[in-house]
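Here, each number is a calculation from the coordinates, and none is a lab measurement. None of these values were measured; they are calculated from a predicted model. For neighbour counting, all protein chains shown are included, and Cβ atoms are generated from backbone atoms with ideal geometry for every residue, glycine included.
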Amino acid sequence: MIYVDADACPVKAEVERVGTRLSVPMAVVSNGGIRPSQNPLVQTVIVPQGPDEADKWIAERAGPGDVVITADIPLAAKCVEAGAQVLKPDGEVLGPDNIGNILAMRDLMADLRSANPFLQGGGRGFTKADRSRFLDALDRALRRAKR
């Protein structure tokens with residue numbers, strides 16, 4: 001199963017295309033505002049409004065053999081701990097070997113931003129190269145999950 005943390009996810013169409021090609025069921029989870037897919041492999045899940053409801057839904061279900069697509073680092077950490085493979089939309093693989101450092105860096109940057117209101121994260125834009133890396137990483141992750 002592929003779980004997509006769909007709120008603000010830039011690669012939903014790519015996930016559906018690759019998942020369909022490999023016949024993998026998908027759950028696209030959001031707080032609403034997502035157009036349901038007509039694809040029989042895609043389950044559109046609308047969770048109640050509230051902080052982290054989509055994350056909770058995914059974290060309760062993801063496990064070994066699943067692939068989770070999210071940019072949310074705390075959700076990624078829970079899913080990695082549960083045994084799922086996790087990809088960020090830019091193709092970065094989050095796993096047991098790097099999730100601790102990534103979570104610590106996220107927390108450090110949050111602390112720095114709260115201590116200095118002039119330090120704001122701008123982040124970089126999503127590029128064609130990111131999309132290409134994501135497609136490659138998703139294909140590899142799904143092939144590993146099928147084994």
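Could you estimate the translational diffusion coefficient of the chain from the Stokes-Einstein equation, with Rh from the Kirkwood formula over C-alpha pairs, at 25 °C and 0.890 mPa s, in whole µm²/s?
Working: Rh = 15.8 Å.
Answer from the Stokes-Einstein relation: 155 µm²/s.
Exposure proxy ranking for Lys88, Lys128, based on other Cβ atoms within 10 angstrom of each Cβ and starting from the fewest, stands as Lys128, Lys88. Structure remark: mean-square fluctuation, Gaussian network model of the chain, C-alpha springs under 10 Å; the largest value among Gly100, Gly63, Gly125 belongs to Gly125.
Starting from the Cα of Glu60, move 7 Å in the Cα-to-Cβ direction to define the label point; list residues of the range 72-112 whose amide nitrogen is under 19 Å from there. The answer is 74-84.
Relative to the Cα centre, the charge distribution of the range 2-146, modelled as +1 at Lys and Arg Cβ and -1 at Asp and Glu Cβ, gives a dipole magnitude of about 540 debye.
Working note: Karplus 6.51/-1.76/1.60 with θ = phi - 60° gives the range 128-142 the couplings 4, 5, 4, 4, 5, 4, 4, 4, 5, 5, 5, 4, 5, 5, 5 Hz, where Gly and Pro are set to x.
Considering only Ser114, Pro25, Trp57, and ranking their Cα positions along the charge dipole of the chain that arises from unit charges at the beta-carbon of Lys, Arg, Asp and Glu, the one farthest toward the positive end is Pro25. For Ala129 and Glu53, what is the calculated FRET efficiency with R₀ set at 35 Å and r taken between the beta-carbons, to the nearest 0.05? Computed FRET efficiency for Ala129 and Glu53: 0.65.
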